[in-house]
Amino acid sequence: MEAWPAMLRPAFLAPVVDLLFPPRCPLCGETLATHGGLCAACWANLEIPGEPSCHLCQRPLETSLARDETALCAPCMAQPPRHDGIAAATLYGDATRTLVLRFKHGRKVGLAGLMARLMVARLPPLDGEWLIVPVPLHRWRLWQRGYNQSALLATQIARAIGQRLLVDALVRRKRTPSLGGLGAKARAQALAGAIAPHPRHAASLRGAQVLLVDDVLTSGATSDACVRALRRAGAAKVKIACFARVLREAEGRG
């Protein structure tokens, strides 16, 4: 049984919760001093995006570009993305994959706090007012899983940075197949027309600065469909925050 998420745990109950559910590392089970973190060994196994990296997508670049804060990778130069930048907490690896699977499919919703804190730490300065918008799930997928993992992350991030959460700004109008194993063209075709802005939030999205939140950014097909929908709604700027960024050369690692 999982301990309560920190946001739902009153401070005066902390000793009782710690007694009933001793703090343990969610990856290896090592005993911890407090809930909501990883042990030192598992922290070391997380792959954090380093510098220098692409100004838009965080792809690692040659060290000769270390002082160029606006440097772009070859793919972004060849086909400029619709978004205004990606902020990834980690690069997809074994430790990150385990966390994501336990959070997304293992119902370990208490991991949302830890993952969101890592995401917030990687965010660039966000000037002015921003809307925090999660990548949507189709209603049948939401019914099967019981929660939208991106919405849980978005809720934590909005609270941490003091910005407005708009959890249903986007809707998934059609059920799409799993995108795993599909090429870029097939993924784009599967998502064509699947995601749209919610008509009820048209006024809020028009001219807005939006932080789009997802757990994992793989090929970018889903986030691209979301960005297109937000742009159609009149969003002035769209940045993407994800917990894990999958580089193209690493997509085959599960």
Quick check: at a probe of 1.4 Å, how many percent of the accessible area of the stretch 145-244 sits on carbon and sulfur atoms? 53 percent
GluC sites (Glu not before Pro) restricted to DSSP loop in the stretch 32-126 with at most 12 other C-beta within 10 Å: Glu62, Glu69
Provide the gained length on full extension for the span Tyr147 to Ala74, in nm with one decimal, where the gain is 0.36 nm per separating residue minus the Cα-Cα distance. 22.6 nm
Would you grab the residues whose amide H sits under 5 Å from the one on Arg82? Only those 5+ places off in sequence or on another chain, please, with H modelled 1.01 Å from N. none
Heavy-atom accessible area of the stretch 50-131 with neighbours in place, 1.4 angstrom probe: carbon+sulfur share in percent works out to 50 percent
In debye, nearest 20: dipole of the stretch 36-103 around its Cα centre with unit charges on the Cβ of K, R (+) and D, E (-)? 260 debye
Spatially proximal lysines relative to Lys174 (Cα-Cα < 23 Å; intrachain offsets below 8 disregarded): Lys104, Lys185
Show me 239-246, 105-112, 71-78, 215-222 ranked by packing, highest mean number of other Cβ atoms within 10 Å first. 239-246, 215-222, 105-112, 71-78
With every protein chain left in place, what is the accessible area per residue of the stretch 100-254 in square angstrom, probe 1.4 Å? 47 Å²
Contour minus end-to-end for Lys174 and Glu129, with contour as 0.36 nm per residue of separation and end-to-end as the Cα-Cα distance? 13.1 nm
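With the Cα gyration tensor of the stretch 98-181 giving a ≥ b ≥ c as the square roots of its eigenvalues, does the rule (a/c under 1.5 for rounded; else a/b larger than b/c for prolate; else oblate) give rounded, prolate or oblate?
Oblate.
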Distance in nm between Ile48 and Arg97 label points, each 7 Å along Cα→Cβ, equals 2.3 nm
Could you work out how far apart the two model spin labels at Arg82 and Cys28 are, taking each label as a point 7 Å from the Cα in the direction of the beta carbon, and quote it in nm? 4.3 nm
Counting other Cβ atoms within 10 Å of each Cβ, which chymotrypsin sites (Phe, Trp or Tyr not before Pro) in the stretch 131-235 have at most 15 and sit in a DSSP loop? Tyr147
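The values are calculated or read from the model by the stated rules, or taken from the named source; none is laboratory data. Predicted model, so just to flag it, every value in this text is computed and none were measured. Ideal geometry is used to build each Cβ from the backbone, glycine not excepted, and the neighbour counts take in all protein chains shown. For accessibility, only protein heavy atoms count, side chains too; no ligands or nucleic acids. Shrake-Rupley method; radii C 1.70, N 1.55, O 1.52, S 1.80 Å.
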